[in-house]
Amino acid sequence: MRRDPFHAIADPTRRAILVLIAAQALTPNAIAEHFDTTRQAVSNHIRILSECDLLKQEKSGREIHYHINHDKMKEIDNWLEQFRKIWDDRFSQLDNLLSTMKKK
Amino acid sequence: MNLQFDFLVDKEKNTITVKREFAAERHLVWDCYTKSELIDQWFAPKPFTTKTKSMDFSEGGHWHYVMVDPEGKEYWGWTEYTKIKPIDFYDTLDAFSDADGNLNTDLPKAEWHVHFSDKGANALVQTTVTYNSLADLEAVINMGMKEGLSSTLERLDELLLTLNK
C-alpha cells in the first residue's frame with residue numbers, strides 16, 4: 001500500500017508538497033515552512049512520498065534537497081489518461097447523437 | 001466549442017467522478033441515458049457496440065445489455081435502478097452478468113450516481129462511480145486497458161465525418 005503512488009497523492013498536504021517542489025528543489029525545513037502543521041507531520045508526508053518514489057533526494061554537504069521524480073509522476077498520468085480516454089470516447093459519441101437528435 | 005470535462009479518481013474513497021457538459025437541453029441528455037434505443041448508440045466506447053436485451057427504467061427495474069467487440073466477443077452487464085428522480089438524477093447498482101442475466105460475482109460491482117443539471121443552455125452530467133475497494137477499482141481499470149477500450153480515435157473521426165455529411 002505504501003509503495004502505491006496513488007496512496008501518496010490521495011492526501012491534500014502531500015499534493016501541496018509535490019506542487020511546491022515541482023517548482024524548485026527544497027530542503028525539508030523549507031518545505032515545512034509552507035505548512036501550519038508540525039515539522040514531524042511534514043517529515044512523515046515526505047517519507048511517504050519518498051517511499052512511493054515520487055521524490056528524489058540530493059545531498060549537498062549536510063543539506064538534503066528534495067526533487068520531484070518526473071518519471072514516476074508520468075506513470076500516474078498515463079494510468080489516468082487511459083481511463084479518462086474511455087469516458088472521453090464515450091461522451092464524443094453522445095455529443096454526436098445529441099447533435100443529430102437536435103437536427104430532427 | 002469547448003465543453004467542460006472533469007475526470008477525478010479518488011483512490012481513498014474508491015470513487016471515479018466524471019463531470020461533462022453537453023450542448024443540448026437537459027431533458028434530451030436525460031433521454032439519451034435512460035432510453036435503450038438511444039443509450040445503445042453511444043454507451044460503449046469504440047470499437048465496442050452496445051445492445052440492450054431488456055430495459056425497465058423504473059426503481060427496482062434493470063438494464064440488461066451486452067457490449068460486443070469487433071471480433072464478436074460479448075461482455076454482458078446488468079444494471080439495477082435503485083432510485084430515480086426525473087430529470088435530476090438516478091442511482092444504480094452496476095454488475096457484470098451473463099446472457100441470461102445471472103450476476104458474475106467474481107467481477108467488481110459498483111454504485112453509480114448520475115446527476116443532471118443545467119449549465120446555461122447546456123446540460124451538465126456528473127457521474128460518481130463507487131467501488132467496494134481500491135482493488136476493485138484497479139481491476140476494472142486494468143480490464144479496460146487490456147480489452148483495448150482506449151485509442152481508436154481514427155474511427156471516431158470517421159464517424160464524425162459521416163454524421164456531418
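The figures follow:
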{"read-out": "Qualifying positions in region B:53-80 - under 20 Å from B:CYS32 (Cβ atoms), outside any strand (DSSP E or B) and of a type in the set (Lys, Arg)", "value": "none"}
{"read-out": "Residues satisfying the stated conditions in region A:56-69, i.e. surrounded by fewer than 16 Cβ atoms within 10 Å (Cβ to Cβ) and either touching a residue at least 24 places away in the same chain (Cβ under 8 Å) or in contact with a helix residue (DSSP H, G or I) (Cβ under 9 Å, 6 or more places away or on another chain) (or both)", "value": "A:GLN57, A:GLU58, A:GLU63, A:ILE64, A:HIS67"}
{"read-out": "Residue match in region B:29-52 (condition: part of a loop (DSSP other than H, G, I, E, B), of a type in the set (A, V, I, L, M), farther than 30 Å from A:ALA8 by Cβ and under 15 Å from the mean Cα position of the chain (by Cα))", "value": "yes"}
{"read-out": "Residue satisfying all of: in region A:28-69; in a helix (DSSP H, G or I) and of a type in the set (S, T, N, Q); farthest from B:ALA44 (Cα to Cα) among these", "value": "A:ASN29"}
{"read-out": "Selected residue (criterion: nearest to the other protein chains (Cβ to nearest Cβ)) from residues of region A:70-79 that are exposed (fewer than 15 other Cβ atoms within 10 Å of the Cβ) and without any contact (Cβ under 8 Å) to a residue 24 or more places away in the chain", "value": "A:ASN78"}
{"read-out": "Filter result for A:ILE31 (aliphatic (A, V, I, L, M) and either within 14 Å of chain B (Cβ to nearest Cβ) or in contact with a Gly (Cβ under 8 Å, 6 or more places away or on another chain) (or both))", "value": "no"}
{"read-out": "Subset tally (residues that are touching a strand residue (DSSP E or B) at 6+ places or on another chain (Cβ under 9 Å) and either exposed (fewer than 13 other Cβ atoms within 10 Å of the Cβ) or of a type in the set (Val, Ile, Thr) (or both)) for region A:35-55", "value": "1"}
{"read-out": "Flag for A:SER92 being outside any strand (DSSP E or B) and either in contact (Cβ under 8 Å) with a residue 60 or more places away in the chain or surrounded by fewer than 16 Cβ atoms within 10 Å (Cβ to Cβ) (or both)", "value": "no"}
{"read-out": "Some residue of region A:70-79 being modelled with pLDDT of 80 or more, outside any strand (DSSP E or B) and out of contact with any helix residue (DSSP H, G or I) (no Cβ under 7 Å at 6 or more places or on another chain)", "value": "yes"}
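The values are calculated or read from the model by the stated rules, or taken from the named source; none is laboratory data. Being a predicted model, the structure only gives us computed values, none of them experimental. Neighbour counts are summed over all protein chains in view; Cβ atoms, including those assigned to glycine, are modelled from backbone coordinates with ideal geometry.
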